[in-house]
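Following: one structure in structure tokens, then a few remarks.
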Amino acid sequence: MSALFPVIAIDGPSASGKGTVASRVAQTLGFHYLDSGALYRLTALASRRSGIPVSAQAQEFEPAIAQCAAHLDVRFEGEHIYLQGEDVSLAIRDEQTSREASRVAALGSVRTALLQRQRAFRQAPGLVTDGRDMATVVFPDADLKIFLTASAEERAQRRYKQLIEKGLTAMMSDLLNDIRERDERDASREHAPLVQDSRAGLLDTTYLTADAAVAEVLRRYQLVVSRDCV
Ligand code: CDP
């Protein structure tokens, strides 16, 4: 184990279920939980609300978007996320914000602006975090690294169910296209592309229930703990 508080880093593509798995693992272990994608979503929403056109050429507005990222007034409270005191837990999950989050996340100075904020979540007794670069960039010394994935079709199905349950509308074909587009952008971008860290173990959840995926992460973590106790 590292000298600092332990970190379990779970990375993977869009809608692979890493958020569900990571938050449940955190709950079981009594660890803190960081949904790093929420910070990119919040940056997109805050930028749009400040009148910065994130949908178009986000690159042109990189300095302004990075300013927004650096000054995010955000509070995480259980499942709720507040931006300037307003509960935006639902607003940051809509499809427009999802697309825009992927665009702002490709900007190097936005990522730099969010780095320390993410590392500050590493507190006693430990942290479970999910994203794209938790194992490669933000917590390279994480105690356990998992690359959690599922087929694009299965991920689109899960996203569809999630949106419908929240009372939002969605089309399966649009969701599948969006997921493929986002995969491509996440994997091919210059800054912190989505890649499996050399120390990350693969966890393919295409045919696994969330319960089984949670159990598998906990099993791998117990192996790390018992190895370090010998
Ligand atoms: O997984 P999903 O696309 O549903 O969303 P998310 O995990 O909330 O992430 C939103 C966006 O932020 C993604 O499109 C990623 O491009 C980006 N992201 C990132 O670049 N780095 C992270 N550590 C987390 C998210």
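The values are calculated or read from the model by the stated rules, or taken from the named source; none is laboratory data. Remember, it's a predicted structure, so these values are computed and weren't measured experimentally. Positions of Cβ are backbone-derived with ideal geometry, glycine not excepted, and every protein chain shown enters the neighbour counts. Just the protein is used for accessible areas: all its heavy atoms, side chains included, with ligands, DNA and RNA removed. Shrake-Rupley method; radii C 1.70, N 1.55, O 1.52, S 1.80 Å.
Quick notes on this one:
- For segment 184-229, the set of residues classified as within 16 Å of the ligand (Cβ to nearest atom), part of a loop (DSSP other than H, G, I, E, B) and open to solvent by 90 Å² or more (accessible area, probe 1.4 Å) consists of Glu190 only.
- Condition check for Glu165: surrounded by fewer than 19 Cβ atoms within 10 Å (Cβ to Cβ), of a type outside the set (Gly, Ala, Ser) and in contact with a helix residue (DSSP H, G or I) (Cβ under 8 Å, 6 or more places away or on another chain): no
- Looking only at segment 108-129, and only at residues there that are open to solvent by less than 10 Å² (accessible area, probe 1.4 Å) and within 11 Å of the ligand (Cβ to nearest atom), the one that is nearest to Gln27 (Cα to Cα): Thr129
Quick grid of which residues meet (1) of a type outside the set (A, V, I, L, M); (2) under 24 Å from Glu181 (Cα atoms); (3) in contact with a strand residue (DSSP E or B) (Cβ under 9 Å, 6 or more places away or on another chain); (4) surrounded by 15 or more Cβ atoms within 10 Å (Cβ to Cβ):
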residue: Ser55; (1), (2), (3), (4): yes, yes, no, no
residue: Ala58; (1), (2), (3), (4): no, yes, no, yes
residue: Pro63; (1), (2), (3), (4): yes, no, no, no
residue: Cys68; (1), (2), (3), (4): yes, no, no, yes
residue: His71; (1), (2), (3), (4): yes, no, no, no
residue: Val74; (1), (2), (3), (4): no, no, yes, yes
residue: Gly78; (1), (2), (3), (4): yes, no, no, no
residue: Gln96; (1), (2), (3), (4): yes, yes, no, no
residue: Ala101; (1), (2), (3), (4): no, yes, no, yes
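- Of all residues assigned to segment 152-162, at least one qualifies as being farther than 13 Å from Ala200 by Cβ, modelled with pLDDT of 95 or more and within 16 Å of the chain's Cα centre (by Cα).
- Subset of segment 130-152 [within 11 Å of the ligand (Cβ to nearest atom), among the β-branched types (Val, Ile, Thr) and open to solvent by less than 20 Å² (accessible area, probe 1.4 Å)]: Val138
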